[in-house]
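Each remark here refers to the structure printed beneath this line.
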Amino acid sequence: MRIIDLIALTADLNKNAALEALGGETVYNVTGISPAEDEDGVVLTTKLPPAKPLRHWEFALLAGKPEIRGQRVRLQAGDAVLPIYGCSFHGGKIVLH
């Protein structure tokens, strides 16, 4: 998935919702965006709770930079870097999976 697709997918969701990510059975808090080390694109960095997650509006601001909008986005889940296939909205939070 590209960054611009993820922005469009979440556009109608609550702008103050926290971003979480599902890596297997583990729920991570999305904490930032960084360049991918071994391939073209960006990686959403994560930490286990109680780390402070990005809010949707913060993600949109960081991801909306013209130089990264067309790049592929992946998700760091522990030591693995996983593709993002979609999202859901649970308990007032946006959960990427």
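The values are calculated or read from the model by the stated rules, or taken from the named source; none is laboratory data. Source: prediction; values computed, not measured. Here Cβ is always computed from backbone atoms with ideal geometry, including for glycine, and neighbour counts include all displayed protein chains. Side chains are part of the model used for accessible areas, which takes the heavy atoms of the whole protein and leaves out ligands, DNA and RNA. Shrake-Rupley method; radii C 1.70, N 1.55, O 1.52, S 1.80 Å.
Output the residues belonging to segment 45-97 that are open to solvent by 50 Å² or more (accessible area, probe 1.4 Å) and at positive phi.
G91
Is it fair to say G78 is farther than 22 Å from A17 by Cα and touching a residue at least 40 places away in the same chain (Cβ under 8 Å)?
Numbers: farther than 22 Å from A17 by Cα: yes; touching a residue at least 40 places away in the same chain (Cβ under 8 Å): yes.
Considered against the rule, which asks whether it is farther than 22 Å from A17 by Cα and touching a residue at least 40 places away in the same chain (Cβ under 8 Å), G78 comes out as yes.
Touching a strand residue (DSSP E or B) at 6+ places or on another chain (Cβ under 8 Å), surrounded by 15 or more Cβ atoms within 10 Å (Cβ to Cβ) and over 16 Å from V95 (Cβ atoms), is that true of I4?
Against the criterion (touching a strand residue (DSSP E or B) at 6+ places or on another chain (Cβ under 8 Å), surrounded by 15 or more Cβ atoms within 10 Å (Cβ to Cβ) and over 16 Å from V95 (Cβ atoms)), I4 does not qualify.
Restricting the search to segment 56-80, which residues are among the hydrophobic types (A, V, I, L, M, F, W, C), part of a strand (DSSP E or B) and within 12 Å of the chain's Cα centre (by Cα)?
Of everything in segment 56-80, those that are among the hydrophobic types (A, V, I, L, M, F, W, C), part of a strand (DSSP E or B) and within 12 Å of the chain's Cα centre (by Cα) turn out to be V73, L75, A77.
Counting only residues that are closer than 19 Å to K93 by Cα, open to solvent by 30 Å² or more (accessible area, probe 1.4 Å) and among the acidic types (D, E), how many does segment 7-44 have?
Qualifying residue count for the region: 2.
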